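The values are calculated or read from the model by the stated rules, or taken from the named source; none is laboratory data. Because the structure is a prediction, the values reported are computed rather than measured. Here Cβ is always computed from backbone atoms with ideal geometry, including for glycine, and neighbour counts include all displayed protein chains. Note: areas computed on protein heavy atoms with side chains; ligands, DNA, RNA excluded. Shrake-Rupley method; radii C 1.70, N 1.55, O 1.52, S 1.80 Å.
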Amino acid sequence: MFLLPGIAISAEKRIAIVKSSNSPAFQAATEGVKKELRKGDILPIFIEFDLSSNSPDEQKIVPQIRELKPDLIITVGSKSTALISNEIKDIPIVFSAVLNPVASGFSPSMSFSGSNLTGASWDIPLRTQLEKFKLIVPGLQKIGVIYTHDSEPVVTQAKKVCQEIGLELIPVSVSSEKEIPQAIGDLEQRIDGF
């Protein structure tokens with residue numbers, strides 16, 4: 001920041017934002033991050049990338065980001081966090097809207113990542129979620145979960161926790177939002193809750 005008599009001029013910072021999809025939740029997270037960064041002493045220049053099914057080849061995004069030489073990369077969702085954190089090790093990355101970054105392999109612990117990656121998690125420990133679910137649904141024995149490839153590590157951990165507390169997890173994988181109604185139909189007669 002430069003100080004002139006009566007005028008404060010902030011330094012521009014290039015910030016790449018990479019969203020896993022254009023879902024309303026990810027869009028809200030993106031707008032929230034942008035709003036907060038605009039409150040600071042920098043002039044953020046946002047460059048957004050979207051990994052939804054309508055986006056260009058994902059592998060082209062990493063070289064584009066490198067060419068931009070951003071000061072910071074914000075990832076929104078697990079898919080974008082995985083892509084960017086695996087490929088870029090020399091630019092700070094802040095993730096948001098990630099469920100369980102430890103089980104997803106983004107960080108060895110919730111207190112320290114050991115890398116250029118940090119962020120905010122949507123994480124409520126699986127054991128806590130499942131035990132509370134068991135308390136509020138009498139007779140709960142079988143839980144259904146619909147997941148994507150990006151969530152496989154969390155589903156693997158959830159299966160283990162379910163076994164430990166006397167529940168059965170019945171997972172159904174989907175590759176797009178269009179498959180969700182069919183997945184619900186496949187599960188609804190076999191489970192006690194989602």
Residue list for the range 11-50, restricted to those being aliphatic (A, V, I, L, M), out of contact with any Asp or Glu (no Cβ under 6 Å at 6 or more places or on another chain) and either more than 13 Å from ALA97 (Cα to Cα) or part of a loop (DSSP other than H, G, I, E, B) (or both) | ALA11, ILE15, ALA16, LEU37, ILE42, ILE47
Can you find even one residue in the range 108-119 that is touching a residue at least 40 places away in the same chain (Cβ under 8 Å) and either in contact with a Pro (Cβ under 9 Å, 6 or more places away or on another chain) or among the basic types (Lys, Arg) (or both)?
-> yes
Taking SER107, is it in a loop (DSSP other than H, G, I, E, B) and open to solvent by 60 Å² or more (accessible area, probe 1.4 Å)?
-> no
Please name all residue pairs, on different chains or six or more residues apart, with Cβ atoms under 9 Å, provided the first residue is in the range 174-194 and is in contact (Cβ under 8 Å) with a residue 40 or more places away in the chain and the second residue is of a type in the set (D, E, K, R) and open to solvent by 40 Å² or more (accessible area, probe 1.4 Å).
-> ARG190/LYS142; ILE191/LYS142; ILE191/GLU168; ASP192/LYS142; GLY193/LYS142; PHE194/GLU188
Residue that is free of Cβ contacts under 8 Å to residues at least 40 places away in the same chain, hydrophobic (A, V, I, L, M, F, W, C) and open to solvent by 70 Å² or more (accessible area, probe 1.4 Å), where the choices are LEU135, LEU126 | LEU135
